[in-house]
Each structure stands twice: as C-alpha cells, then as structure tokens.
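A.B. asks: Before we start, here is the structure in question, set down as structure tokens.
A short reminder: the numbers here are calculations on the coordinates, not readings from a lab. Keep in mind that this is a model prediction, so the values were computed, not measured. Here the Cβ positions follow ideal geometry from the backbone for every residue, glycine too, while neighbour counts run over all protein chains shown.
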Amino acid sequence: MAAHATESDSVVPPMPERTPKALRDAIAQHTPELLPDFDEHWKWAIADAYNVTPVPAFMARWWGEYAIARDPKLDAHVHDLEYRAAYECTDIAEAKALLEEASKIRYRVRELEPGE
C-alpha cells in the first residue's frame, strides 16, 4: 500500500507524519471529502477535552480512514465489500466473510508508517 503509479493510475500520496496536524493537512490536500467529519470528530472528542487521553484512539481511526481514502482503488474495494455484505448477500456466512475481509484491510492500513 505504499505510493505507486502505473500508466492508468494516479500516484497514491504517502502517509503523513503521525501527528494530528500533519494528518489533517494530508486529509485537506488529498481527501477533502473527509475533512468535515475529521474536524467535527476532533472538536467533539479532543478540542474541548481537558486531557489528551483520547488522542491515540482518534489518530488510529483517522489514520486508517485516510490510508484507505487516499487510494481510490482500495477505497472502492473496501466500500464494495461492505456494500455487498449489507445489501446483496442473502447468506450470512458470505456476508461475514466480506466484512472480515474489509476489517482486515482496515486493521492492516492502521499499521502503515509515515512515508508509506
């Protein structure tokens, strides 16, 4: 999931430094559709808090959201898995398998390092 390019693809931007400001800047530049939700969540969970305890959980969530959204193919794939599980599957085992695949992707991208 590192930055890559082929003839028909655009370059996937690298992950930013692992700070709230760097992540917000990357979201604003590369996936601005996420910015309103990021800012709303920040204001609700962090900005009015008197301690920084929730920051790691906030960063983990948005790190993964950005990691997926910055790659249009990966974003489409994850959303397709979730859509099919929710709206197309009539077999519970198949729906569970689709959601497990999406979950594994979401978990894996949270482990990406800055620059990847």
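A.B. asks: If you filter the range 15-91 for chymotrypsin sites (Phe, Trp or Tyr not before Pro), then keep DSSP loop positions with at most 15 other Cβ within 10 Å, what is left?
C.D. replies: Numbers: sites: PHE38, TRP42, TRP44, TYR50, PHE58, TRP62, TRP63, TYR66, TYR83, TYR87; in loops: TYR50.
In loop regions of the range 15-91 (DSSP not H, G, I, E or B), the sparsely surrounded chymotrypsin sites (Phe, Trp or Tyr not before Pro) are TYR50.
A.B. asks: Assigning unit charges at the beta carbon (Lys, Arg +1; Asp, Glu -1) and nothing else, what dipole magnitude in debye, to the nearest 20, does the chain show about its Cα centre? Before the final figure, lay out the partial values.
C.D. replies: Working: 13 positive and 22 negative charges, 84 e Å.
Here the chain has a charge dipole of around 400 debye.
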